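The structure under discussion appears below in the form of structure tokens.
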Amino acid sequence: MVHVEGTSTARFEPVRAALAAHLESGEELGASIAVDVDGVMEVDLWGGHADEARTVPWHQDTLVNLWSTTKTLSSLAALVLVDRGALDLYRPVAHYWPEFATQGKQDIEVRHVLAHTSGLSGWQQPFTMDDLYDWPTASARLAAQAPWWEPGSASGYHVQTQGQLVGELVRRVSGRTLTEFVDTEIARPSLADVQIGARQADWPRIAELVAPAQLSGIPAGLDPEGIFIKTLLGSPARDEHVDTPQWRRAELGAVNGHGNARGMARALSVISRRGQVNGLRLISEETVDKVLDVQADGVDLFLGVPVRWGIGFALADARTMPHMPTGRVCFWVGRGGSIVMMDLDRRVTFSYTMNRLGDGILGSERTHDYIRHVYEVLDSTAC
């Protein structure tokens, strides 16, 4: 059996065994798992390799690109500003970003951006990676385009635009970039090794992402004017862009966060622990409660599966992901299976990051297996 590094309390040995089994089978290349229980890191495990050639071990401080799990950091940044009164969830985005009030977008509210209901799930074509890497261009293009459906009426996952929209709001009201804000107001207070983009000094400890083969072209039979195709084509970042200098330097608040399970669990435990982290109060309990306010509940126009969206996070729903616990639970996932999940009832934060991307719309089979093991332990040892 492959040796797994790190620590876990006795009751969580099944989680260690599950990680070891996936590493042994080769399904997992390198990975980390963390479970924070009310401020106590009961699971802090890692193992495998940081590169496909298996020459570099996955270390305690190995980082990996998080893909869409990055959105949890951006949403938390927005919530911090909501808590401080700098952002109002029910005010129009244009109140903070006047150029946004064009093409019928004058009534789109901040909450619509955080709940993927703004109608701006992708950039209007043509839109390139060079455009995405240029912050003023990417923001101006969203400000100039019309929504693709009636804002607030349904969710359509904002695959890559949400980070731009939230990041522009953060810039407008705080005077700092999203990268700077996450670093100073979230990562440092929570002692979390997470960042949006990646400091060049940290590049040597970033694991290589290994992606499954992608389909070439657009599957036949899909409406080219439908939300799925427009969003897909209007979200230009692909696997081949990751691990490049341009990507690591870019401020892409929806897709290029870097961290590991320990760092994500520390940062997002502020939700599970009702606003407190590392002995500090980062946000109020009232602001945490806003996360659970349902904004959309139905088949997502892009994902094609039922999702209940709260403010900035999806809410637990057995229709969305298997083995998801009941109760006041919010979460989000990244391409390939990374996840951070916050359980407010149990005050538990679970995170998993890896470098071999799995299949699945929301989480991979490995993601679901780890969730199952974590909650089997929690349920069997509950007081």
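What do the square roots of 5 times the Cα gyration tensor eigenvalues come to for segment 148-241, in whole Å, largest first, as semi-axes of the equivalent ellipsoid?
31, 22, 10
For segment 80-146, taking Cα atoms only, what is the radius of gyration to one decimal and the Dmax to the nearest whole Å?
Gyration radius and largest Cα-Cα distance of segment 80-146: 12.6, 38 Å.
Taking the Cα centre as origin and putting +1 on Lys and Arg beta-carbons and -1 on Asp and Glu beta-carbons, what dipole magnitude results for segment 229-383, to the nearest 20 debye?
Working: 19 positive and 18 negative charges, 84 e Å.
Computed about the Cα centre, the dipole is about 400 debye.
On the first, second and third principal axes, largest extent first, how far apart are the outermost C-alpha atoms of segment 126-182 in Å?
32, 25, 18
Write down, largest first, the equivalent ellipsoid semi-axes of segment 54-103 in whole Å, where each equals the square root of 5 times an eigenvalue of the alpha-carbon gyration tensor. Write out the running numbers ahead of the final one.
Working: eigenvalues 270, 43, 9 Å².
So the three semi-axes of segment 54-103 are 37, 15, 7 Å.
Quick one: longest stretch of the chain between exposed loop GluC sites (Glu not before Pro), exposed meaning at most 16 other C-beta atoms within 10 Å and loop per DSSP?
It works out to 53-224.
For the chain, give the share of DSSP beta bridges that are antiparallel, in percent and rounded to the nearest 5; count only bridges with both residues there.
Taking every DSSP beta bridge with both residues in the chain, the antiparallel ones total about 95 percent.
Taking Rh as the Kirkwood radius computed over C-alpha pairs, what is the Stokes-Einstein D of segment 85-202 at 37 °C in a medium of viscosity 0.692 mPa s, expressed in µm² per second? All intermediate terms of the calculation are to be shown ahead of the outcome.
Numbers: Rh = 15.0 Å.
After rounding, the answer is 219 µm²/s.
How large is ³J(HN,Hα) for each residue in segment 326-340, as worked out from phi by the Karplus curve 6.51 cos²θ - 1.76 cosθ + 1.60 (θ = phi - 60°), to whole Hz, x for Gly and Pro?
In residue order, the calculated couplings are 8, x, 8, 10, 10, 6, 7, 10, x, 3, x, x, 4, 7, 9 Hz.
Considering the alpha-carbon set of segment 1-140 alone, what are its Rg and its Dmax in angstrom?
Every Cα atom of segment 1-140 included, Rg and Dmax give 21.3, 59 Å.
Report the residues of segment 100-127 in range of a label on residue 297: point 7 Å along Cα→C-beta, backbone N strictly under 18 Å from it.
112, 115-117
Choose one of 8, 280, 325: the residue whose Cα lies farthest towards the positive end of the charge dipole of the chain (beta-carbon charges +1 Lys, Arg; -1 Asp, Glu; about the Cα centre).
Checking the options against the dipole of the chain, the answer is 280.
Based on the Cα gyration tensor of segment 215-293, what are the three equivalent ellipsoid semi-axes, each the root of five times an eigenvalue, rounded to whole Å and given largest first?
Semi-axes, largest first: 35, 20, 10 Å.
Normalized C-alpha radius of gyration of the chain, against 2.2 N^0.38 Å? Walk me through the numbers on the way to the answer.
Numbers: Rg = 19.4 Å, N = 383, 2.2 N^0.38 = 21.1 Å.
In units of the 2.2 N^0.38 Å rule of thumb, it is 0.92.
If I model a spin label at residue 184 and residue 24 as a point 7 Å from the Cα along the Cα→Cβ vector, what separation in nanometres do I get?
It is 4.9 nm.
Out of 280, 19, 209, any idea which swings most in a Gaussian network model of the chain, alpha carbons joined below 10 Å?
280
Only four residue types carry charge here, +1 at the Cβ of Lys and Arg and -1 at the Cβ of Asp and Glu. Report the dipole size of segment 1-105 about the Cα centre in Debye, rounded to the nearest 20.
Roughly 500 debye for segment 1-105.
Under 5 Å between amide hydrogens, which residues at least 5 positions from residue 332 or on another chain qualify, with H placed 1.01 Å from N in the peptide plane?
340
Pick from 149, 67, 58 the residue whose mean-square fluctuation is largest in a GNM of the chain, springs joining Cα atoms under 10 Å.
It is 149.
How big is D for segment 232-383, in µm² s⁻¹ as a whole number, if Stokes-Einstein is applied with the Kirkwood radius of its Cα pairs at 4 °C and 1.567 mPa s?
78
Throughout, read-outs are computed from the coordinates displayed, never taken from laboratory work. All of these numbers come straight from a predicted model, not from anything done at the bench. Positions of Cβ are backbone-derived with ideal geometry, glycine not excepted, and every protein chain shown enters the neighbour counts.
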